[in-house]
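Novice: Below: one structure in structure tokens.
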Amino acid sequence: MRPLRSLLLFSGLLIAGIGGALLLAGCSDGSASTTSSTPTPTLSFAAIAAQTYGNASFTVSATSASNGAVTYTVVSGPATISGNIVTLTGVGTAVLSASQAATTNYTAATASTSILVTPGVPALSFAAIATQIIGNVPFAVSATSASTGAVTYTVVSGPATISGSTLTLSGTAGTVNLSASQAATANYTAATATTSFSVVATGAVAGHSFSGTVQASGLPVIGASVQLYDAGSSGNGSRPNTRLGSALTTDVNGNFTVPSSFSCVSSSTALFLLAKGGKVSSTGTINSALWLAAPLPPCGSITNSTTVTVNELSTVATAEALAQFYTSSGNIGASATNTAGLNNAIINEQLLADIFTGVSPGASVPATVTINSAKLNTLADAFSACGAPTPACTALFAAATVSSVVPGNTLDAAFAIARNPGNNVAAIYGLSTGTVFTPVLTAAPPDWMTSIAVSGGGLTSPTAVAVDGSGNLWSANYNEVLSEFAPNGAPVYASGITGSGLHESFGLAIDASNNIWVVNDETPGSPYNGGTLSKFTNAGVALSGSIGYTAGLYFPTGIASDLNGDIWIANYGNSTYALYTNSGTQITTNCNASGCGYGALEFPVAVAADGNHFGWVGNQAANTVTRISLDGTITSAISCCDGASGVAVDAHNNVWVANYFGDSISELSSTGTVISNGYTSGGIYHPQGIAVDGAGSVWVANYRGNSLTELAGATAATPGAGLSPSTGYGTDANMLEPYGLAIDASGNVWVSNEGVNTITEFVGIAVPVKTPLVGPPVVP
């Protein structure tokens, strides 16, 4: 028999379950029970690499078997943390802690880790220094980085000395090599940088003292800071170079005098003035957002009698003409290979505005050129509230906002409007309450695009147009004349050029040597009166005999210049093509007595040459495009279109086709794949002329719409999207039956008006293209 005590102990057992374990409790003798507690998770940080000060913020992570919330803190060291994102604040060792909350099944847990942060290596770099001229005034150099360490400058070699950051030229030509050394700081190592620039004497031109005035709302701007610049040369909108050692300050009458101490690289150097800030009249308040600009004549044309007015009109005219050569904060420049494009743009600005008086039009507008001054005056008056003695700029800057980018000054606002002429048109017109500039529009325009009308020069039913390497525009005409115009719109020949078979001409191209090629649809004296090909030098001298070249031609209509010098021609009369060498000899590979490509084409009227030397022919009657190689190999017709009347190729060899009957623009890949059978937005209506600008945007002349369309190019987020209004641009430009279209190196778009014997120049609206156009468009 079991002892009584043992029975009592057993009978006092309490059996319970926790987490699947047995727990014995309630021992009557008071001894400790045997238990199983809640487990503690093993919380640990993921590995963190050693860091360098200046690195971007990064995330940390600590994990365990528990699902408890983890909270991160910085225990010590150079870092802060938000959530699990660590930001470094200095150099040293940062200690991090992670705390995980308890859950039903796990206790709370903690973990820690450390991060070694070493000094950063700053990217010290020099601001670009333009080529200098012997005799230039001393100027400041600058090298910057993320570090705050002191920077010391040294002339390593070359004709210059430096004191602090002010560099002084020594008076001889050569190359200056500079070094910058930045001291170490607590957070950054020491750093060095080098740069060099040239000092030249050849072609240098000494400046002349001249005077000017700064005005806003017709009143003097007092205390404005005025600087003279020459345009940058390292790309569109590149940093300009100051010509004065220190900025000038306008007096109580808004006047300033530029001293003769400045010089220019050459007599053709493009200069401009930029005035910042000041107050309008003696009762005004300082307005740091008031930035006004005016381009000047070439450096060699400035004399002691030159006077300049810088005001709202000069500023909007600058923005319209130089829209493609600007970046924010007053940077005006072009690539070193496109000085002609920039200079021609300044010529246009001085057609729009008189630099001496600050009114529109300019002082030397050719008799055959018409400027829409009322539109410019209205736009200038829209800036009046921001240029008032008590400035109110908010509404103007809001109306000029594009893609959430709000201008910070009036110059940026003017350029934003010039580049986006269809944006907030009514709002901008509503701001035009000033009366300084007259005459003005009586109603809001369809857009803020500036146009110039050109006449004379023998224009009689003008058709195809093209621009040569000097920026001169050439136009074919239906009635036996070839017209040429200077960049300012003045006719080079009062009555045009005649002879060499010019007759019923619909196509024109310019080759890389600036020779002019014209196809003539029905030349008297040609075989079967079936048309010819005329070739002229850039001076207008015929190279193709009395009636032009005749081989392989029958009612030729379209023409294009290839990169290798060959000339492609589309023969409407017998549905063939012709290919000529640059010397005027027909290439007859794989051709027969009926012509080249006979049977594969159907009433072709347009042709373009791509970068791979393929000719793309638009068959107006068959709604197709045909690709042809130099050896005469023809691909099958590509069904894509509806009345293909114009063909253009972009920089990626995509092919764009103007569908006259389909009121649309088709796009093909470089291999002939149909990307779109027809984009229709942007005001397309019976399109004829078509061209692609330097950024890939597609520009279209609407023959029946009397308007201009802009479409997004192949690399845009939405290719073919209409960038122009639903009625197109330029509906107030008095176009009639716009036929041909060409883009120049200044960003101007030239359109021929077959129905009214004029050329319309839309100023500065497209990204510049190298001229002449040979093959695909190239940025100059």
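The values are calculated or read from the model by the stated rules, or taken from the named source; none is laboratory data. Because the structure is a prediction, the values reported are computed rather than measured. All Cβ positions, even for glycine, are placed from backbone atoms using ideal geometry, and neighbour counts span all protein chains on display. We work out accessible area using only protein heavy atoms, side chains counted, and drop any ligands, DNA or RNA first. Shrake-Rupley method; radii C 1.70, N 1.55, O 1.52, S 1.80 Å.
Novice: Figure the gain on full extension for Thr118 and Ala551 (residue separation times 0.36 nm, minus the Cα-Cα span) and round it to one decimal in nm.
Specialist: 148.2 nm
Novice: Could you please state how large a percent of the accessible area of region 668-708 is carbon and sulfur, counting protein chains only and using a 1.4 Å probe?
Specialist: Carbon and sulfur: 43 percent of the exposed surface of region 668-708.
Novice: Under the rule of -39500 (n - 2.57) per DSSP H run of 4 or more residues, summed and divided by the residues of the chain, what mean residue ellipticity at 222 nm is obtained, to the nearest 500 deg cm²/dmol?
Specialist: -2500 deg cm²/dmol
Novice: Moving on to the next point. Quick check for you: with a 1.4 Å probe and neighbouring chains kept, what is the accessible area per residue of the chain, in Å²?
Specialist: Each residue of the chain exposes 39 Å² on average to a 1.4 Å probe.
Novice: Within the chain, how many Lys pairs that are eight or more residues apart, or on different chains, come under 30 Å at the alpha-carbon?
Specialist: Going through the chain pair by pair, I get 4.
Novice: At a 1.4 Å probe, what is the % contribution of carbon and sulfur to the accessible area of region 101-209?
Specialist: On region 101-209, the fraction of accessible area on carbon and sulfur atoms equals 54 percent.
Novice: Additional query: With a Förster radius of 56 Å, plug the Cβ-Cβ distance of Thr107 and Ser181 into 1/(1 + (r/R0)^6) and report the FRET value to the nearest 0.05.
Specialist: Step by step, r from the Cβ atoms, then E = 0.45.
Novice: Among Ser66, Thr269, Gly540, pick out the residue whose Cα is farthest towards the positive end of the charge dipole of the chain, where Lys and Arg carry +1 and Asp and Glu carry -1 on C-beta, about the Cα centre.
Specialist: Going by the Cα projections, it comes out as Ser66.
Novice: Could you tell me the extents of the chain's C-alpha atoms along the three principal axes, largest first, rounded to whole Å?
Specialist: Between the extreme Cα coordinates on each principal axis of the chain lie 144, 73, 58 Å.
Novice: Using +1 on the beta carbon of Lys and Arg, -1 on that of Asp and Glu, and nothing else charged, what's the dipole of the chain about the Cα centre, debye to 20?
Specialist: 2720
Novice: Could you tell me the calculated FRET efficiency between Ser125 and Ser301, based on Cβ-Cβ distance and R0 = 60 angstrom, to the nearest 0.05?
Specialist: 0.95
Novice: Quickly work out the Thr89-to-Ser639 label distance, labels modelled 7 Å from Cα along the C-beta direction, and quote it in nm with one decimal.
Specialist: Each label point is offset 7 Å from its Cα along the Cβ direction, giving 7.1 nm.
Novice: So, by mean Cβ neighbours within 10 angstrom, what's the order for 178-187, 159-168 with the highest one leading?
Specialist: 178-187, 159-168
Novice: At 0.36 nm per residue, minus the direct Cα-Cα distance, what do Ser198 and Thr166 gain on full extension? Give it in nm, one decimal, please.
Specialist: Once the chain is fully extended between Ser198 and Thr166, it gains 9.9 nm.
Novice: Grab the beta carbon distance between Ser246 and Leu736, set R0 = 45 Å, and tell me the FRET efficiency rounded to 0.05.
Specialist: Efficiency computed from Cβ-Cβ geometry: 0.25.
Novice: In addition: Given 0.36 nm per residue, what is the gain on full extension from Thr460 to Thr152 after removing their alpha carbon distance, in nm?
Specialist: Between Thr460 and Thr152, full extension yields an extra 104.2 nm.
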